[in-house]
1. If you add up the charges near Met30, with Lys and Arg at +1 and Asp and Glu at -1, over every other residue whose beta carbon is less than 9 angstrom from its beta carbon, what do you get?
2. Want the number for Ser149 to Gln91: 0.36 nm per residue separation, take away the alpha-carbon distance, what's left?
Amino acid sequence: MSPDHNPTPGPCTPMKIIISGGFGVGKTTMVGAVSEIEPLSTEERLTQASGGLDPLTGIEGKTTTTVALDFGRRTLHRQRIELYLFGTPGQPRFWFLWEDLVTDACGAVILIDTRRLADSFEPIGFFEHRAIPFIIAINDFADDPHRYSPDEVAHALHLPAHVPVVRCDARERHSTARVLAALITHTLTHQHQHTPSPSPSPDGVPT
């Protein structure tokens, strides 16, 4: 399934999608890059008071942080799907907000920074525990000297074989749109596999 901008007649099916991951992996950037509307962001400037709470190792240039959520919208016209994108805050002290944000979510993108891979385990466990289908998106940072392959990342994160791992540039609109398309394909496959088959009635007709 690929992103498509050519309108197809008919109403769109709404789907709530979560953009998640650790602190400073690029969630706000991804929502802003792919949203077709002006995104809502709840970013605040980092202060000295948060220095011990928000470690900036590897992201020393970061000056703002999401304190509630990011929101955007993206329409896949060919598939007649309207995606409502909710970006989670990355810092552990704001994780209490995740429970409300993921209510009725169809799927999630877990964005990762391979320089800080350990930050990905908590988000992965969160969505696995709630049986919300997710994919892993490797955000390719320009200053990362080593690019790990999707297979290497899947192995390091101990992912089940069915969880897709894709690469992206969270700053680039078409790249992030491809990530969303990959998630929708995975989500629809997951729903199909977990939809119970109709049981036959005594006369042999499915009920």
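1. Spelling it out: positives minus negatives among the neighbours equals +1.
2. Difference between extended and current length: 18.2 nm.
Values quoted throughout were computed directly from the atomic coordinates according to the rules given, and no laboratory measurement underlies them. Note that this is a predicted model, so its numbers are computed, not measured. Glycine gets a Cβ as well: all are built from the backbone with ideal geometry, and neighbour counts include every protein chain shown.
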